[in-house]
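The structure under discussion appears below in the form of structure tokens.
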Amino acid sequence: YGGKVPYHRRPTLAVEYKQIGGFLKSQVFPSAPAFMQQVMEYNGANLAAVTAAPRGFQSGDRVTWFVLFQNVSGFFLHPVGLEVLVDHSSLDMSEWAVSRVFYNGQYYRDMVQLETAYVQGRISVEKVRKAPQDGDFSSMKPRAPAAAPFPLQFEPQGPRYRVRNNQVLFQGWSFAFGMSVSRGLRLFDIRHKGERVAYEISVQEALSVYGSNCPAGMSTRYMDGSFGLGRYTSPLVPGVDCPYLATFVDTLSLSDSLRPKKRKASLCIFEQNLGSPLRRHYSNLQSLYYGGLVNSALVLRSIATVGNYDYVWDFIFYQNGALEGKVQATGYPSSSFLHGDGLRYGNRLWEHTLGTIHTHFVNYKVDLDVAGVKNSLMAHDMVFEMAQAPWSPEQQIERPRLTRRVLDTEDQAAFLLHSKMPRYIYFAANSKNKWGHQRGYRIQITSSAGDHIPEASSMERAISWARYQLAVTRRKEEEPTSTSIYNQNDPWTPTVAFADFINNETITNQDLVAWITAGFLHIPHSEDIPNTVTVGNSVGFLLRPYNYYDLDPSIYSQDGVFFTSEQDFTACEINPLACLPKTASCLPNFPPFTFDGFRNM
């Protein structure tokens, strides 16, 4: 980082949360005995605390709001109206103190003042009905009995991919995978048809910015890399999280401990028939034939459960040389206690539960090496031009015309969230394909991101990567990541400020990196109870060959189907689909269900 990192920037580890929990239980809550017993019905174990972040308003602060919930299944949806601001900046725990207390719309100096106001009858008490241990409405237990099993996918002759240690081979693809304890899933040395396409493709950060009329909710800007997207990689359930017959891989992480921890079956690899053609044509003009190719792709998946949210991270490899990075959000929505003008900040989800409005932003590093390390950035788009019809000069035609532009500098290649970006933007090689075009890989982003945070904010530079839907910079060893785990607890003096990467250097014929941001707005609604669904909550990007090959490489796939009206398309040698009654007639032996997610917690 070019200098010492102040100790106050350190991430908050499990031991510190445990110490804060002990401080609340032994010193804070006992100072309001009547309130805690009569209003909270506190018994020492029936409340759960959730942290807000960042922790204060300026560098050096370590002052955290903790929100109290009923300690039941799905507790994120059971706020009780009490929030406590703890100053735990001192390394001497005897100096820790409560800075503020919030209850049902009112602020108090500390729990003693809250207790006094309660005993004197000067506070508005909103007593929350005690929830059963299963959480009632927040329980994920199915409300219907099991019926006929859902469809399952299997490989008639076994997997068509190979996994050896952290290396994967599939059709024309090869790559290595890894898991960063802070940033999560990452790939290295990605090759197609033996030629390197990218040196590194990796998740960098997941950001959520919340709004509320409660203090913790209104001040929360979670930077999940600080908590650990790899550290909180979840064990996967066969048949739900991944296909039942997927290949499951254990992962290791080193955090909060002197020894690495193994998470069994926390990454999966599988080939997925997407149930649609990758390409097809049915000809009923001139000649009669059918040609097509099933869209069967390889998926590498991990799921990170960071607090209430579950992020499903996928890298998907298609037979035409395209690669997709995708994240789907699920899990529990975060909530605040509903009071006052709360509906300005979300929807009411239950009696006292406000589903708080928030954004999701994710950032990826894509270090493309297209036909070599040295690339340039090209932009293609379209404009309409007015032209006279050559056969009828008195008539005009509005015809689309291709525009071409070289983006020479980092400033030209930094596209702010709301700026207009060329629809075809690609890394171009120095070499050309058979038809004289520069070989390239196109970047296509799927996102509905709005504003990340106003640039005038004192903490914006810590998340300045989110200013840009796409930024392309020179690759530098001293710029390995777009953020730092130390930015969360000191965003006011960020350890890494991505905006500093962009300094108008030339990017023509250089080793380049694309930094991609995708995101969406989430306004929790009643259908988010008990859980947010992945449908519609998915963003990411595609890398697609653009004149990289002389023709579509998937034409060489062994999955291709072609037959004419004059052929016997019921014969195996003509049509491989006709063989399925034989080749796929035997169901595989499904191994017994196993899950190690509750061991060694």
| field | Residues satisfying the stated conditions in segment 277-288, i.e. open to solvent by less than 80 Å² (accessible area, probe 1.4 Å) and either over 13 Å from Tyr318 (Cα atoms) or in contact (Cβ under 8 Å) with a residue 60 or more places away in the chain (or both) | value | Leu278, Arg279, Ser283, Ser287
| request: Kindly establish whether Ser59 is open to solvent by 30 Å² or more (accessible area, probe 1.4 Å), farther than 17 Å from Gln19 by Cα and modelled with pLDDT of 95 or more. | output: yes
| field | Residue tally, condition closer than 22 Å to Val197 by Cα, assigned to a loop (DSSP other than H, G, I, E, B) and open to solvent by 60 Å² or more (accessible area, probe 1.4 Å), over segment 433-488 | value | 6
| query | All but one of (1) over 36 Å from the mean Cα position of the chain (by Cα); (2) at pLDDT 95 or above hold for Phe102; which doesn't? | reply | (1)
| request: Answer yes if at least one residue in segment 536-555 is open to solvent by 40 Å² or more (accessible area, probe 1.4 Å), within 36 Å of the chain's Cα centre (by Cα), at pLDDT 95 or above and over 30 Å from Val472 (Cβ atoms), and no otherwise. | output: yes
| query | Identify, please: which residue in segment 339-368 is among the aliphatic types (A, V, I, L, M) and surrounded by fewer than 23 Cβ atoms within 10 Å (Cβ to Cβ) and is, among those, nearest to the chain's Cα centre (by Cα)? | reply | Ile357
| query | Based on what the data block shows, is Ala117 without any contact (Cβ under 8 Å) to a residue 60 or more places away in the chain and hydrophobic (A, V, I, L, M, F, W, C)? | reply | yes
| request: Return the residue satisfying two criteria in turn: it lies in segment 146-161 and is aromatic (Phe, Trp, Tyr) and out of contact with any strand residue (DSSP E or B) (no Cβ under 9 Å at 6 or more places or on another chain), and of such residues it is surrounded by the most Cβ atoms within 10 Å (Cβ to Cβ). | output: Phe154
| task | Among the candidates Arg143, Arg221, Arg164, single out the residue that is open to solvent by less than 60 Å² (accessible area, probe 1.4 Å) and basic (Lys, Arg). | result | Arg221
| Could we say that Asp250 is acidic (Asp, Glu), in contact (Cβ under 8 Å) with a residue 24 or more places away in the chain and either open to solvent by 40 Å² or more (accessible area, probe 1.4 Å) or more than 26 Å from Asn363 (Cα to Cα) (or both) here? | no
| Has segment 176-197 got any residue that is in contact with a Cys (Cβ under 7 Å, 6 or more places away or on another chain), hydroxyl-bearing (Ser, Thr, Tyr) and at pLDDT 95 or above? | no
| note | Among residues of segment 6-40 being surrounded by 13 or more Cβ atoms within 10 Å (Cβ to Cβ) and of a type in the set (Val, Ile, Thr), the residue nearest to the chain's Cα centre (by Cα) is Thr12
| Going by the structure shown, is Glu200 in contact (Cβ under 8 Å) with a residue 24 or more places away in the chain, open to solvent by less than 60 Å² (accessible area, probe 1.4 Å), in contact with a Gly (Cβ under 8 Å, 6 or more places away or on another chain) and among the acidic types (Asp, Glu)? | no
| task | Restricting attention to segment 65-99, report how many residues are more than 20 Å from Phe35 (Cβ to Cβ) and over 25 Å from the mean Cα position of the chain (by Cα). | result | 11
| Ser276 vs. criteria at pLDDT 95 or above, among the small types (Gly, Ala, Ser), closer than 30 Å to Val15 by Cβ and in a strand (DSSP E or B) | no
| Considering only residues of segment 279-293 that are touching a strand residue (DSSP E or B) at 6+ places or on another chain (Cβ under 6 Å) and of a type outside the set (Lys, Arg), which is nearest to Phe188 (Cα to Cα)? | Leu293
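The values are calculated or read from the model by the stated rules, or taken from the named source; none is laboratory data. Given the structure is predicted, the values throughout are model-derived calculations rather than measurements. Cβ atoms come from the backbone with ideal geometry, glycine included; neighbour counts cover every protein chain shown. Please note that ligands, DNA and RNA were not included when accessible areas were found on the heavy atoms of the full protein model with its side chains. Shrake-Rupley method; radii C 1.70, N 1.55, O 1.52, S 1.80 Å.
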